[in-house]
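The block underneath contains the structure these notes are about, expressed in structure tokens.
The values are calculated or read from the model by the stated rules, or taken from the named source; none is laboratory data. These figures come from a predicted structure and were not determined experimentally. Counting neighbours? That spans all protein chains shown, and the Cβs are built from the backbone with ideal geometry, glycine included. All accessible areas refer to the heavy atoms of the entire protein, side chains included, with ligands and DNA or RNA removed. Shrake-Rupley method; radii C 1.70, N 1.55, O 1.52, S 1.80 Å.
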Amino acid sequence: MERTPGRLRLLRERVRDDEAIEEMNEAAFGPDRTHKAVYRLREDVKPIKELCFVAIDQKGRMVASIRNWPILINERWPAVLLGPLAISPELRGLGYGKALMWHSMAQSRMLGHSRIILVGDPEYYNQFGFRRDLALNIQLPGWVEERRFLALELVAGSMIGVHGMIGNWDARKAAAAGRKRKRA
């Protein structure tokens, strides 16, 4: 395979991409990935369709993917849970992941999301503005290596006062929390 990135197309994830994405995630993160705390937040929840993308190379091959999921922090604050971001192992380091990250973050901002949470290597995700200090007052339901638990404010100050346990997305609780904030 060629080691230059060439032309790249970013597309919204298609139904036909699902099997290839699962294979890429298994290659990138291993078969035990589903036992991690963040996977509990994805159980029985659909990803945010408008925030799931694939990268297609100049030969029409899917070479990378990113998914984003809705979460609710302390049953009050909606957020996006980023991940997994996966790149074909032989193509890492060519910029496919960065392209998907910047695109995904821009789309999140355009859709009105204010905060993104992830578990990942700070050495990689700091370049996009993700910081450990923004996630100090929130917790995942399960063990996570603290230095890898990061947050990003898409809207300045959107993590101020946000605290508590991250839980599965519940549209009714999110709507109720929104109504309470509007009355306050």
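For region 140-162, a residue qualifies if it is open to solvent by 20 Å² or more (accessible area, probe 1.4 Å), within 15 Å of Arg109 (Cα to Cα) and among the aliphatic types (A, V, I, L, M), and the qualifying residues are Val155, Ala156.
Taken over region 78-98, the criterion of being hydrophobic (A, V, I, L, M, F, W, C) and open to solvent by 30 Å² or more (accessible area, probe 1.4 Å) is satisfied by Leu94 alone. Comparison of Glu153, Glu145, Glu123 shows that the only residue that is without any contact (Cβ under 8 Å) to a residue 60 or more places away in the chain, among the acidic types (Asp, Glu) and either in contact with a helix residue (DSSP H, G or I) (Cβ under 7 Å, 6 or more places away or on another chain) or closer than 20 Å to Lys46 by Cβ (or both) is Glu153.
Looking across region 83-98, the residues that are touching a strand residue (DSSP E or B) at 6+ places or on another chain (Cβ under 6 Å), in contact (Cβ under 8 Å) with a residue 40 or more places away in the chain and either part of a strand (DSSP E or B) or over 21 Å from Glu26 (Cα atoms) (or both) come down to Gly83, Ala86, Ile87.
Only one of Asp32, Asp44, Asp18 is on the phi > 0 side of the Ramachandran plot and open to solvent by 50 Å² or more (accessible area, probe 1.4 Å). Can you tell me which?
Within the list Asp32, Asp44, Asp18, the selection yields Asp44.
Of all residues in region 104-124, those satisfying the criterion of being open to solvent by 30 Å² or more (accessible area, probe 1.4 Å) and outside any loop (DSSP other than H, G, I, E, B) are Ala106, Gln107, Arg109, Met110, Val119, Glu123, Tyr124.
So in region 57-76, with the set limited to residues that are among the basic types (Lys, Arg) and surrounded by fewer than 22 Cβ atoms within 10 Å (Cβ to Cβ), which one is nearest to the chain's Cα centre (by Cα)? Residue satisfying both the conditions and the ranking: Arg76.
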